[in-house]
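Colleague: Here it is, the structure in full.
The values are calculated or read from the model by the stated rules, or taken from the named source; none is laboratory data. Just so it is clear, the model here is predicted, and its values are computed rather than measured. As a convention, Cβ positions derive from the backbone with ideal geometry for all residues, glycine included, and neighbour counts pool all protein chains shown.
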Protein chains: 2
Amino acid sequence: MKKNIAIIGATGAVGQELLAILEQRQFPIQSLKLLASKRSAGKEITFKNQTITIEELSHDSFEGVDIVFSAAGGSISAEYVPSAVKAGAVVIDNTSHYRMDPSVPLIVPEVNPEAVKGHQGIIANPNCTTIIMSLPLFPLAKAFGLKRAAVCTYQAASGAGVTAMDELRDESIAIAQGNSFERTVIPHQYAFNLFPHNAPYNDGSADAEKVNAPIGYCEEEWKMVAETRKIFNDPNIKIAPTCVRVPILRAHSEAINMQFDKKTSIEEIYKILETAPGVQILEEPNNNRWPMPIDVNGKDPVYVGRVREDQSQENTFDIWVVGDQIRKGAALNAIQIAELLI
Amino acid sequence: MKKNIAIIGATGAVGQELLAILEQRQFPIQSLKLLASKRSAGKEITFKNQTITIEELSHDSFEGVDIVFSAAGGSISAEYVPSAVKAGAVVIDNTSHYRMDPSVPLIVPEVNPEAVKGHQGIIANPNCTTIIMSLPLFPLAKAFGLKRAAVCTYQAASGAGVTAMDELRDESIAIAQGNSFERTVIPHQYAFNLFPHNAPYNDGSADAEKVNAPIGYCEEEWKMVAETRKIFNDPNIKIAPTCVRVPILRAHSEAINMQFDKKTSIEEIYKILETAPGVQILEEPNNNRWPMPIDVNGKDPVYVGRVREDQSQENTFDIWVVGDQIRKGAALNAIQIAELLI
């Protein structure tokens, strides 16, 4: 039952986390092939005390491979995933490229594991903000019917990769010491600053026609709508997203305001969340202490707390959700999908 | 027409900004008295090239004073403001102590300047998050009728004072360099971290009876509801707030989602905001560039942009608002109130 595995983009933030989780979860590996660009080829990575040399990614990389994790960006997936499928591998794609393809299942294993059955060689891993929101939202929507959810995100540097995390650290030191700093990854000052998410934005111009978001939205926001509809298998689900990048390293926080169809209560919501798969309640209400990014770094569950009743609208409640963007938001979810295959 | 002025808490973040703005706006000052605790008394501060020695605050500090700015905390205001009023001064109180007192006007000069007429010696300055939200929200609510607003905040260290700002800088350097850091001001790690606002929280226990917020809310959040109702003179206004502290130095950002009674459009909303007093539109939609905390540091207006139509609910729109917490969120608003008096 051991599998031949390949990882595209093994040196990135998600690639590194994939390796760590494959080891931690004792994923049954027969062979492990690490694929990357020419630039990284030849570098060595240690996995389970063995040294693996990174190979240059090519269309011929996939012979004999059972499962490919593709985590090097949408254009790389677009070019190489078809070759992997042709070679007989199942690809779990961590990029946005195939997510909305009707022939490709989009899976959060705690939400729609059954969708794995319909795959035709490619399974897509949802965007980080969508995965993190879906874990508490799905069981609540199932129990009480979701009329509408409005969500504001507080997103970390890791969504833009290891280099963005390093840049945030370096820029923070420079700015705090009163020095100047030259950025190369993030378009705006990020240390001690924040901004609406810098994903492609639809400003209504002809140039923006290719942006996968309605006018006034960026793609990061619209993923939370479109992907959630696909994962929940409900094309009418109503979500109002606002995505913001904040100077945090690797965890996304989300403030979710939910109006339900059925009448419910704080107690009933906690009851659902307490047994929701992938969700962990973390709070000390008497200390006004709720999940924080530093709590969740390197942790598997999405931490949830602070269930409140909205005083401004009937049958409406707030939750506060924090998840590790690299782990459950990307690498862990992909490996859980692979576990559904075996 | 020149006034005798006193400032309680001149060495704090708001006190320092009060002095800077009094000078910048050429406020007509006859004399300036700086009052502080015993600890700060004797220190010297330069104002308009003159050296002023800080005096120890006492109940006898207010003889001959026309206008007092009180910015040293609620308990200091509670103790000394009555003495100032008794001595014949008008007090503009920057603390929360008198805000909800029915005999005390609560004023944002761009919104309800007429309320100044009813004062009985004390005028309250609203909380920073309330002031910043009110500038764009009031003219929109007036034009289109506000059914409900949901707001998520991204709040800076400055709300907790100069020491919190210094601590955030120092902690950021330490954490980025992999060193440990001992905090004394903020209860949680603040560098590269965030948390629901640490204002007093109502957890429903007997201990929480004195907290001015419904169960599940902190006082910072409930100020946005109660103060806005008082300033807008509309006890039925519906606001759903979520307040979060993020590692930013001195500007608060707010994502506001508004459902209106009357049908409107993005264009009509921009038209109102373009002429709204105290509001400045700052955006480059074709660059996905909106107001950021670093844009607004030291600036008078509240910067607004990113008007979007919510796709999930009829007649609902989003705006993105950023204001300098120390300036318009506190000191500038107080001085504008003083200007209404002269």
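Colleague: Take residue B:239 and tell me if it is more than 22 Å from the chain's Cα centre (by Cα) and at the interface with chain A (Cβ under 7 Å from one of its Cβ atoms).
Modeller: No, not satisfied.
Colleague: Return the only residue of A:294, A:269, A:231, A:248 being among the aliphatic types (A, V, I, L, M), within 8 Å of another protein chain (Cβ to nearest Cβ), in contact (Cβ under 8 Å) with a residue 24 or more places away in the chain and part of a helix (DSSP H, G or I).
Modeller: Of the residues listed, the single one that is among the aliphatic types (A, V, I, L, M), within 8 Å of another protein chain (Cβ to nearest Cβ), in contact (Cβ under 8 Å) with a residue 24 or more places away in the chain and part of a helix (DSSP H, G or I) is A:294.
Colleague: Among (1) polar (S, T, N, Q); (2) within 13 Å of chain B (Cβ to nearest Cβ); (3) part of a loop (DSSP other than H, G, I, E, B), there is one condition residue A:264 misses while meeting the rest; what is its number?
Modeller: Every condition holds for residue A:264 apart from (2).
Colleague: I've got another one for you. Where residues in segment B:272-284 are surrounded by 15 or more Cβ atoms within 10 Å (Cβ to Cβ) and assigned to a loop (DSSP other than H, G, I, E, B), which of them is farthest from the chain's Cα centre (by Cα)?
Modeller: B:283
Colleague: Could you check residue B:338 against (1) farther than 24 Å from residue B:160 by Cβ; (2) more than 14 Å from chain A (Cβ to nearest Cβ); (3) not in a helix (DSSP H, G or I) and say which number it fails?
Modeller: The one condition residue B:338 does not meet is (3).
Colleague: Would a scan of segment A:300-309 turn up a residue that is of a type in the set (Asp, Glu), within 14 Å of chain B (Cβ to nearest Cβ) and touching a residue at least 12 places away in the same chain (Cβ under 8 Å)?
Modeller: The answer is yes, given that some residue of segment A:300-309 is of a type in the set (Asp, Glu), within 14 Å of chain B (Cβ to nearest Cβ) and touching a residue at least 12 places away in the same chain (Cβ under 8 Å).
Colleague: Tally up the residues in segment B:204-218 that are surrounded by 16 or more Cβ atoms within 10 Å (Cβ to Cβ) and at the interface with chain A (Cβ under 7 Å from one of its Cβ atoms), please.
Modeller: Going through segment B:204-218 one residue at a time, the tally reaches 3.
Colleague: Out of all the residues in segment A:251-261, which are more than 10 Å from every other protein chain (Cβ to nearest Cβ) and either β-branched (Val, Ile, Thr) or free of Cβ contacts under 8 Å to residues at least 60 places away in the same chain (or both)?
Modeller: Across segment A:251-261, there are no qualifying residues.
Colleague: Name the residue, out of B:204, B:145, B:159, B:178, that is under 19 Å from residue B:108 (Cα atoms) and either among the hydrophobic types (A, V, I, L, M, F, W, C) or outside the structural domain of residue B:97 (by TED's automatic domain parsing) (or both).
Modeller: Criteria check complete, one pass: B:159.
Colleague: Would you mind listing the strands (runs of 3 or more DSSP E) fully within segment B:70-164 where at least 1 residues are within 19 Å of the chain's Cα centre (by Cα) and among the small types (Gly, Ala, Ser)?
Modeller: Where strands (runs of 3 or more DSSP E) fall fully within segment B:70-164 and carry at least 1 residues being within 19 Å of the chain's Cα centre (by Cα) and among the small types (Gly, Ala, Ser), they are B:122-124, B:146-154.
Colleague: If I filter segment A:39-61 for residues that are within 22 Å of residue A:339 (Cβ to Cβ) and either in contact with a Ser or Thr (Cβ under 6 Å, 6 or more places away or on another chain) or part of a helix (DSSP H, G or I) (or both), do I get at least one hit?
Modeller: no
Colleague: Picking from B:315, B:257, which residue would you name as being in the same structural domain as residue B:168 (by TED's automatic domain parsing), surrounded by fewer than 18 Cβ atoms within 10 Å (Cβ to Cβ) and more than 29 Å from residue B:165 (Cβ to Cβ)?
Modeller: B:315
Colleague: For segment A:141-185, what are the residues that are more than 21 Å from residue B:154 (Cα to Cα) and at the interface with chain B (Cβ under 9 Å from one of its Cβ atoms)?
Modeller: Matches in segment A:141-185: A:148, A:170, A:173, A:177.
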